[in-house]
């Protein structure tokens, strides 16, 4: 069981959902035609993920194991209905742009994944930290991807013009194939950065494995080093 800080921060980089865990790719690819759409979808996911984690953690001891998935979906669905009503009341144009992907949050693999893997096994304060961290990481991912596509595909950012009138937008970026290309480039960049950081720290990278987390193992090695240092400090105090 980790600390509140570690459970919160892991979703911001180490286990950031779309880029590390490769979860929630359907809305990641579909709604990120603009930074505003990415931010709006992310905010809705934060609300549902954080509250569903807390509620599931509170009632985990009374939910029969055979119907736990159905109960998780019912809790998430109730929160998604609340999000829909709030967006219709206060951000209706954004709600129209996001369309069917707002109600589909209920079956988002991030929601069910965190409920099953974490919230159902940990106390509420850690479940809240996990939900907020994963939700904020998901929001940052969608906003960043949406910003890239909007800037180069439309020449704007949050609706404001970035380049001069002579700029010719690369409309491919705001189309479906552009989403896959941008996502692939981001994943490649993150893998390259992780491997570079591992080599800089003197950690070994297995060339026979993938270029992703399995091939690098830098995070695992750094965790082992940190654990060893903690044991050394405890031994010195003793």
ask   = If you check residue 117 against the conditions, is it closer than 23 Å to residue 7 by Cα, modelled with pLDDT under 95 and assigned by TED's automatic domain parsing to the domain that holds residue 44?
value = yes
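Considering only segment 142-170, how many residues are loosely packed, with under 12 Cβ neighbours inside 10 Å and outside any loop (DSSP other than H, G, I, E, B)? Give the steps one after another, and end with the answer.
Narrowing segment 142-170 to residues loosely packed, with under 12 Cβ neighbours inside 10 Å: 159-161, 164-166, 168.
Going one step further and asking which of them are outside any loop (DSSP other than H, G, I, E, B), we end up with 160-161.
Of the residues in segment 142-170, 2 are loosely packed, with under 12 Cβ neighbours inside 10 Å and outside any loop (DSSP other than H, G, I, E, B).
The rows are residues; the columns are (1) under 21 Å from residue 31 (Cβ atoms); (2) modelled with pLDDT of 90 or more; (3) exposed (fewer than 13 other Cβ atoms within 10 Å of the Cβ); (4) out of contact with any strand residue (DSSP E or B) (no Cβ under 7 Å at 6 or more places or on another chain).
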position	(1), (2), (3), (4)
172	yes, yes, no, yes
180	yes, yes, yes, yes
188	no, yes, yes, yes
196	no, no, no, yes
203	no, no, no, yes
207	no, no, yes, yes
212	no, no, no, yes
request  = Tell me, please, whether a residue that is without any contact (Cβ under 8 Å) to a residue 24 or more places away in the chain and either surrounded by fewer than 20 Cβ atoms within 10 Å (Cβ to Cβ) or closer than 26 Å to residue 192 by Cα (or both) can be found in segment 6-17.
outcome  = yes
message = Are there helices (runs of 4 or more DSSP H) fully within segment 29-133 with at least 2 residues that are within 18 Å of the chain's Cα centre (by Cα)? List them.
response = 35-59, 68-90, 109-117
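The values are calculated or read from the model by the stated rules, or taken from the named source; none is laboratory data. No experiment lies behind these values; they were computed from the predicted model shown. Cβ coordinates were reconstructed from backbone atoms using ideal geometry, including for glycine residues, and neighbour counts include every protein chain displayed.
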